[in-house]
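J.: Shown below is the structure under consideration.
The values are calculated or read from the model by the stated rules, or taken from the named source; none is laboratory data. Note that the coordinates shown come from a computational prediction; the quantities given were computed from them, not determined experimentally. Reconstructed Cβ throughout: ideal geometry from the backbone, glycine too, with neighbour counts over all protein chains shown.
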Amino acid sequence: MSDTLDLFELGVEYFHIFLEEFATYGIIADPNLELRRGEGMLCYYDLKDGNIYLSVPDITAPIGKLQLLFLRSLLSCNNDEDVLYFFRILLPRVIAHELAHHYRHRYGLFDANLWHEEQVANQLATAVTKQRLAPIEREKAQSFLIRAIIGLEAKLGVEEMGKDSYYSIWHALNASGQISDVAMGYMELAHELFAITPSQILESGGQLSPEVTQRLERRETMIHEINSEYADNFMRYMYYQMSWLYLDFTTHENQYVEDFARQHLNISLPMLPRIEDTLIPTEEMVIACFKAYQDTAAHSKACSHFFYKRYRTLLLGRLQSSELNLPGQSERLRKESAFLLQNWNGRDHEPDMLEYLSHLAPPTLRRLFPNQIANHIKSKTQFPIQSHLPTETDRRLWRHVVLHENDQGSVNTLSRLRILDNVEIYQALPGEVMLELAYNFCRIKLRPDEPIIWQGELSHDVYILIEGKLEVTIMERGQSRVANTVMPGDVFGEMAFFTREPRKATLCAIEPSECFVLKHSDLYLFAYKYPSIIMQMARILTKRMNQINKMV
């Protein structure tokens with residue numbers, strides 16, 4: 001029982017831990033922000049005074065004992081210890097949730113749609129709590145939550161309303177077994193490619209029961225009711241929060257702090273602009289990118305590879321609009337140019353397929369191929385490279401590397417390109433695709449002993465270790481053994497992406513570490529656009545499986 005006296009101090013400890021952690025991602029709180037003791041049973045962020053109020057029962061006082069009894073009944077707990085367990089599990093989530101409200105308010109983004117603000121805040125809370133709970137702890141929390149949800153539904157006379165008001169209806173249906181993981185993947189892909197809403201995808205499928213269809217139809221009504229009463233009805237408010245927490249624990253989707261910062265605070269590292277593939281390349285553009293490849297070679301290998309790949313993209317663009325010296329093959333080249341682009345990894349000792357293709361090119365284009373372009377450039381004594389580099393990104397990157405121009409966007413972009421250039425899976429991608437990939441990665445910062453993957457969990461994101469060291473452990477027959485060590489530059493997590501099976505091992509930081517993560521939903525889209533990613537991942541996975549088989 002004495003543990004209740006420490007709950008507020010524990011909340012203060014989490015408050016300061018999260019403030020420091022979020023600051024490392026560039027999310028800065030108001031220096032005057034305080035965590036204060038609240039009254040009653042609700043924890044909240046006060047939009048007027050800008051502080052967070054944390055309410056926990058004090059059972060040394062009569063009102064605290066009444067609150068504890070009320071919570072026992074409300075949450076269908078068997079004893080006071082269950083209520084205390086609930087608070088210990090919930091406390092870090094509550095603190096992170098209210099901090100999210102503070103950040104949204106501080107950055108001028110807090111919306112009148114309070115349901116939306118609750119969902120946004122839960123994403124930050126999930127990012128810093130879910131992965132830090134072992135699967136067995138999550139299962140225990142889920143059992144507790146199911147009991148509480150069933151009890152609350154009986155008291156309120158409702159059913160499934162918590163699930164149907166979740167931020168992602170398809171994740172809610174997936175978690176409850178209404179749609180499969182495979183169907184989820186297709187829905188996410190359709191949503192990204194065609195901007196189709198979840199409801200449109202679900203309703204067009206024609207495979208939902210009348211009951212689920214009816215639940216979809218009432219979703220907007222429920223959201224409106226939540227906005228209308230918000231926290232006025234304490235029991236209903238708790239019911240929604242318990243339901244959303246349960247879904248956060250059961251969904252296969254992971255949340256990340258940097259993703260929250262980008263999506264909901266408009267905070268991101270300055271990067272060079274993406275390159276849209278809409279240019280009709282000129283000869284001067286092709287020459288400029290090849291010249292940039294030469295100019296940057298002595299300064300940055302990653303930058304030099306980037307410009308060589310840009311040169312290849314533009315050269316193939318020129319080739320697609322020309323006639324090959326091979327009857328009937330120009331259309332085939334147009335169809336297979338993507339394959340040509342995605343199958344050279346930028347390593348100097350490996351031949352480029354363009355060298356063979358040059359023999360089929362029209363005479364006017366042969367001088368732009370790798371085996372002749374260097375001599376062609378020499379004939380242009382004063383070639384104005386900056387005037388002909390095709391995009392702002394190309395120009396800024398060249399000036400930063402060659403002219404040492406201070407440009408933070410170039411610094412950050414080049415840093416990510418350098419990491420990708422050393423990862424076997426991504427080496428073969430065209431430069432503009434690597435740039436797009438660099439945008440989609442989220443950073444994850446890990447403290448020593450902090451896990452990033454748990455054995456037995458269902459998650460399909462793929463990671464790259466940037467710095468630090470991770471230990472791979474496997475639990476077998478009740479015994480834990482160290483199976484491997486992950487070092488900077490290593491990719492991990494790709495096996496579960498392919499197999500859709502639970503993770504085979506636990507990975508934990510053994511020193512301060514930092515990773516990039518590519519969410520599985522983003523990877524689906526990249527795989528659709530650029531199949532070579534999957535080819536490279538499959539090749540590496542096969543090599544890894546062969547190594548495992550040799551050890552057995």
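J.: Is it fair to say S513 is hydroxyl-bearing (S, T, Y) and over 22 Å from V433 (Cα atoms)?
T.: Answer is yes for this residue.
J.: Do you know which residues across the stretch 8-47 are closer than 18 Å to A100 by Cβ and basic (K, R)?
T.: Selection gives R36 alone.
J.: Condition (residue is within 16 Å of N440 (Cα to Cα), at pLDDT 90 or above and outside any loop (DSSP other than H, G, I, E, B)) applied to the stretch 232-254: is it met by at least one residue?
T.: There is no residue in the stretch 232-254 that is within 16 Å of N440 (Cα to Cα), at pLDDT 90 or above and outside any loop (DSSP other than H, G, I, E, B).
J.: Right, here's the next one. Filter the stretch 460-488 down to the residues that are at pLDDT 90 or above and either within 16 Å of I540 (Cβ to Cβ) or in contact with a Phe, Trp or Tyr (Cβ under 9 Å, 6 or more places away or on another chain) (or both) and list them by number.
T.: The answer is D461, V462, Y463, I464, L465, I466, L470, V472, N484, V486, M487.
J.: Across the stretch 17-32, what is the total count of residues that are surrounded by 12 or more Cβ atoms within 10 Å (Cβ to Cβ) and more than 12 Å from K445 (Cα to Cα)?
T.: Residues in the stretch 17-32 being surrounded by 12 or more Cβ atoms within 10 Å (Cβ to Cβ) and more than 12 Å from K445 (Cα to Cα): 8 in total.
J.: Within the group I533, I466, I510, which residue is surrounded by 14 or more Cβ atoms within 10 Å (Cβ to Cβ) and either in contact with a Gly (Cβ under 7 Å, 6 or more places away or on another chain) or over 28 Å from R132 (Cα atoms) (or both)?
T.: Numbers: I466 fails: either in contact with a Gly (Cβ under 7 Å, 6 or more places away or on another chain) or over 28 Å from R132 (Cα atoms) (or both); I510 fails: either in contact with a Gly (Cβ under 7 Å, 6 or more places away or on another chain) or over 28 Å from R132 (Cα atoms) (or both).
Only one candidate passes the filter, namely I533.
J.: For the structure I just gave you, tell me whether Q427 is in the same structural domain as G317 (by TED's automatic domain parsing) and touching a residue at least 40 places away in the same chain (Cβ under 8 Å).
T.: yes
J.: Where the second residue is in a loop (DSSP other than H, G, I, E, B) and the first is among the aliphatic types (A, V, I, L, M) and lies in the stretch 262-273, which pairs have Cβ atoms under 8 Å and are six or more apart or on separate chains?
T.: L265/I27; L265/Y107; L265/L109; I267/Y25; I267/G26; I267/I27; I267/Y107; L269/G26
J.: Is at least one residue of the stretch 408-424 assigned by TED's automatic domain parsing to the domain that holds L507 and of a type in the set (K, R)?
T.: No: zero hits.
J.: A further question follows. Check whether at least one residue in the stretch 265-276 is surrounded by fewer than 22 Cβ atoms within 10 Å (Cβ to Cβ), assigned to a helix (DSSP H, G or I) and not hydrophobic (A, V, I, L, M, F, W, C), and report yes or no.
T.: No, the conditions are met nowhere in the stretch 265-276.
J.: Here is a follow-up. Got a number for residues in the stretch 65-85 being assigned to a loop (DSSP other than H, G, I, E, B) and under 21 Å from Y237 (Cβ atoms)?
T.: Qualifying residue count, the stretch 65-85: 3.
J.: F290: within 22 Å of R416 (Cβ to Cβ) and crowded, with 21+ Cβ neighbours inside 10 Å, yes or no? Spell out how you get there, then give the answer.
T.: On the way: within 22 Å of R416 (Cβ to Cβ): no; crowded, with 21+ Cβ neighbours inside 10 Å: yes.
In short, no.
J.: A follow-up question, please. Limited to the stretch 388-424, what total is found for residues that are hydroxyl-bearing (S, T, Y) and free of Cβ contacts under 8 Å to residues at least 60 places away in the same chain?
T.: The qualifying residues number 1.
J.: Restricting attention to the stretch 18-77, which residues are closer than 16 Å to L91 by Cβ, touching a residue at least 24 places away in the same chain (Cβ under 8 Å) and either among the aromatic types (F, W, Y) or not assigned by TED's automatic domain parsing to the domain that holds K155 (or both)?
T.: Scanning the stretch 18-77 gives F18, Y44, Y45.
J.: Report the residue count in the stretch 104-139 for those that are farther than 21 Å from G11 by Cβ and not in a helix (DSSP H, G or I).
T.: 8
J.: Examine the stretch 143-159 for a residue that is of a type in the set (D, E, K, R), in a helix (DSSP H, G or I) and within 20 Å of the chain's Cα centre (by Cα), and state whether such a residue exists.
T.: No, because not a single residue in the stretch 143-159 is of a type in the set (D, E, K, R), in a helix (DSSP H, G or I) and within 20 Å of the chain's Cα centre (by Cα).
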